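A single structure is presented below for examination.
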Amino acid sequence: MPFVTVAICTWNRAAMLDRVLAHLRTLRIPTGVDWEVLVVNNNSTDDTDATIARHAGKLPIRRAFEPQPGISLARNRALRESRGDIVAWTDDDAFPEPDWIEKILEAFDRFDAELVFGRVDPDWESAQPSWFTPKFRGMFALIDLGGEPRLVTESHVVGFNVNMAFRKSLAARIGEYRSDIGSGRMAGGEDIDLFQRAHRHGVRIAYQPEAVVRHHIPASRCTKSFYRSYTWGGSPNHLKLLMDEGRRVPKLFGLPRYFLRRQLGYLPEYFRAVLRADAGEAFYCELKLIRLAGLYWSIFTRRDPRKVHHRAGE
């Protein structure tokens, strides 16, 4: 039977972490399966360590420490410190359903998978934004592919670290998380990169919609101004991912040709959405155009747009 490490990386979210750890006590662990909860403190300045200590004895919990800021570095610390042969990832603001581990392990066995990811539903702190549509799921790290559990062979389909698990041996095969993408406090995309590398290496990836995690969405992240700034600031990481792909496909003006054509197509779509008063579609297209501008800012100025104050109102 497998040994499962439930890995959580955290930075200055002690109150939310406390809720998540209390919730993990509801997990049903199959008979004969060993498990642990490994929490990586990414140099927090709040009472994260005390929070972890409070759950000792209630969970098979351990604490690890990563002094350098960055989610990739913290995840790689978790990989090195984990004792399990399967590492099941979730976040310090996410709440797995009680049968989460059961369903993940079922998918590993059923599909002889190396990587499994599941459904992520929203746990809205306030009302769902009026402009939210299914197209925004990825921006909120939500995923629902519908249907039955299945192997995923489409190279464009990726999951998120908030609800995924892989055999620890996978990291030795395809590499750990890229620290040049998930470094610093305003970073991300390291899980998408890992999925893309897994696809390129022919890894058996399974989607298990019955393994469900609820992802807490604070009200502060439900504003248009937040996502305008977040999209602009994420351009450097997105550019690194595109440059990797650009080595294998034709480029135009510094970006993969197919990608540039698709992004430019959002301009007329934006105006059409505005004319028909479709706020959700208009905002979605606007974010795509902001991202394109941020990519070219990075290419032509060699500057990081995260260091430029982006003023964007509602």
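Regarding Asp49, is this residue closer than 19 Å to Arg25 by Cα, surrounded by fewer than 20 Cβ atoms within 10 Å (Cβ to Cβ) and modelled with pLDDT of 95 or more?
yes
Please specify each residue of the range 223-262 satisfying the condition of being at pLDDT 85 or above, in contact with a strand residue (DSSP E or B) (Cβ under 7 Å, 6 or more places away or on another chain) and surrounded by 17 or more Cβ atoms within 10 Å (Cβ to Cβ).
Within the range 223-262, just Leu260 meets the criteria.
Right, here's the next one. Do we have any residue at all in the range 60-81 that's of a type in the set (Lys, Arg), over 20 Å from the mean Cα position of the chain (by Cα), over 21 Å from Ile174 (Cβ atoms) and at pLDDT 95 or above?
yes
Further question on the same structure: Looking at the range 128-170, which of its residues are within 11 Å of Leu115 (Cα to Cα) and either of a type in the set (Asp, Glu) or surrounded by fewer than 18 Cβ atoms within 10 Å (Cβ to Cβ) (or both)?
Those that are within 11 Å of Leu115 (Cα to Cα) and either of a type in the set (Asp, Glu) or surrounded by fewer than 18 Cβ atoms within 10 Å (Cβ to Cβ) (or both): Leu151, Lys168, Ser169.
Just one of Pro129, Pro134, Pro122 is over 20 Å from the mean Cα position of the chain (by Cα) and either at pLDDT 95 or above or under 29 Å from Met16 (Cα atoms) (or both); which is it?
The conditions single out Pro129.
Being in contact with an Asp or Glu (Cβ under 9 Å, 6 or more places away or on another chain) and assigned by TED's automatic domain parsing to the domain that holds Gln128 is true for just one of Ser155, Ser179. Which residue is that?
Just one listed residue meets the conditions, Ser179.
While we're here: What single numbered condition from (1) at pLDDT 90 or above; (2) of a type in the set (Lys, Arg); (3) closer than 23 Å to Leu142 by Cβ fails to hold for Arg185?
(1)
Shifting gears a bit: State all residues of the range 20-42 that are more than 20 Å from Val212 (Cβ to Cβ) and buried (at least 16 other Cβ atoms within 10 Å of the Cβ); if no residue qualifies, say none.
Glu36, Leu38, Val39, Val40, Asn41, Asn42
The values are calculated or read from the model by the stated rules, or taken from the named source; none is laboratory data. Everything numeric in this text was worked out from a predicted model, so none of it was measured. Here the Cβ is made from the backbone with ideal geometry for all residues, glycine too, and neighbour counts use every protein chain on show.
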